[in-house]
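**Q** Supplied in structure tokens, the structure appears directly below.
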Amino acid sequence: MHSHLGVYPSPGVDAHSDGNEMVDPVTAQAWAEHAVWPQDPGFETALQGGITAMQILPGSGNLIGGRGVTVKNLHSTTYQAMKFPGAPQGLKMACGENPKGFYGGKGQAPMTRMGNVAGYRQAFADAQAYREEWNKYRRELAAYEKKQKDSSGKKKDDDDKPPSPPKRDLKSETLVGAMDGEILVHIHCYRADEMAIMIDLAKEFGFKIAAFHHAVEAYKIADLLAQNNICGAEWADWWGFKMEAFDGVMENLALTDMPKNSCAVVHSDSAEGIQRLNQEAGKALVRGNRMGLDISREHAITWLTLNAAKALGIDKVTGTLEAGKMGDVVIWNGDPFSVYALAENVFIDGALVYDRANPSTKPASDFLLGQYETAVHVDNGGSAQ
């Protein structure tokens, strides 16, 4: 549920770097789907790791980076054909060091954490005013249309004209969608204190946080997350690579999972990690059991399946093996939590899309066509052909 495939594809060159629109701290008008490159070879390697669906997000350089998109991991020429049917869009926000570090380094706001929060609040306050403009217009339009209906057949007043709609503001439009519950809010946030502040922000402006991503200190506020029905999308053991990630523990995911109504999710934020999410879940499972939590494999698999689907708003149609749901199924050659486990077969919507034993079913990116098998023949003259 935290991927940048397609917007930061492989090869990782500047020409393909399309995940961060870092020209303003708030770029809610940007949509990740408009930058997804379907030929990213990373989609194929993720499929080989058993990934049938993912949320592709903008990066975390801005306070509000824009809309994310949930896709099925199907080979396609266009992103439109990859979009998960009926999945709500996500809104990517970011706490902490990234936005204040980048913009503060340029001598502009935000350069502190209090500047970060001021930036969120102003953006949502502007969106509230924008929503009220449109609500006022709709009321006036309804009154005008009623008046026209009531005066049907009467002489028209030349001065009686319909109200003019406000100018569309794509930035505020996205934030209104979040406040109205149509767009799910996903927040890059490490520290427990900052997550609590973002929960306060959500209550102030009436939006729902679907998940905190990375959430290295989620173990400190697991009860608070559960009380607010917020998922923690976490790594098994990444920590310490910057100050806000310093206070991590290897039991973070298992502890996030402890309270009633909790929602722990394994995520990667990595083109490599997405290929081995099963191993990440296995590490988190072992750490939890070592501290005496007695977590079953049947429960731990929900960190990859049902809980991720809940956070993406698609759990009614996928995330569990049930009659009536999509036929998105991975068959492993052994215990999926083992480091030796390989995905043997991957089905999406009931169709076999990857078969390890039969590479001909492998959906190759056009970018890599001709690179899978190379035959070199040396003739008697010693030249390679």
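A short reminder: the numbers here are calculations on the coordinates, not readings from a lab. Everything numeric in this text was worked out from a predicted model, so none of it was measured. As a convention, Cβ positions derive from the backbone with ideal geometry for all residues, glycine included, and neighbour counts pool all protein chains shown.
**Q** With charges only on Cβ, +1 for K and R and -1 for D and E, what is the dipole size of the chain about its Cα centre, in debye, rounded to 20?
**A** 1140 debye
**Q** Run the helix sum for the chain: -39,500 (n - 2.57) per DSSP H stretch of 4+ residues, divided by residue count, reported at 222 nm to the nearest 500 deg cm²/dmol.
**A** -9000 deg cm²/dmol
**Q** For the chain, take the longest principal axis of its alpha carbons; what is the angle in degrees between that and the long axis of helix 170-179, to the nearest 10 within 0 to 90?
**A** Helix 170-179 sits roughly 80 degrees off the main axis of the chain.
**Q** Could you give the angle, 0 to 90 degrees to the nearest 10, between helix 277-290's Cα long axis and the longest principal axis of the Cα atoms of the chain?
**A** 90 degrees
**Q** Considering only DSSP states other than H, G, I, E and B, which trypsin sites (Lys or Arg not before Pro) in the range 161-191 qualify as loop sites with at most 16 other Cβ atoms within 10 Å? Intermediate results must be reported in sequence, preceding the final value.
**A** On the way: sites: K167, R168, K171, R191; in loops: K167, R168, R191.
Hits after loop and neighbour filter: K167, R168.
**Q** Need the full-extension length gain, K242 to A143, defined as separation in residues times 0.36 nm minus the C-alpha distance. One decimal, nm.
**A** So the chain would gain 30.0 nm between K242 and A143.
**Q** At what distance in nm do the modelled label points of T77 and L342 sit from each other, each positioned 7 Å from its Cα along Cα→Cβ?
**A** So the label points at T77 and L342 sit 3.3 nm apart.
**Q** Provide Rg and Dmax in Å for the chain, with only Cα atoms included in the calculation.
**A** 24.1, 99
**Q** Please list, or write none, the lysines whose alpha carbon is within less than 29 Å of the alpha carbon of K100, excluding same-chain residues fewer than 8 places away.
**A** K92, K171, K203, K208, K220, K242
**Q** Quick one: plug the Kirkwood hydrodynamic radius of the range 24-80 (C-alpha pairs) into Stokes-Einstein at 20 °C, 1.002 mPa s, and report D in µm²/s.
**A** It diffuses with D of about 175 µm²/s by this estimate.
**Q** By counting other Cβ atoms within 10 Å of each Cβ, how are F84, F205, F43, F241 ranked from fewest to most?
**A** Numbers: F84 22, F205 17, F43 28, F241 10.
By the 10 Å Cβ count, ascending, the order reads F241, F205, F84, F43.
**Q** Still on this structure, I have one more. Once both axes come from the Cα atoms, what is the angle between helix 113-150 and the longest principal axis of the chain, in degrees from 0 to 90, rounded to 10?
**A** 50 degrees
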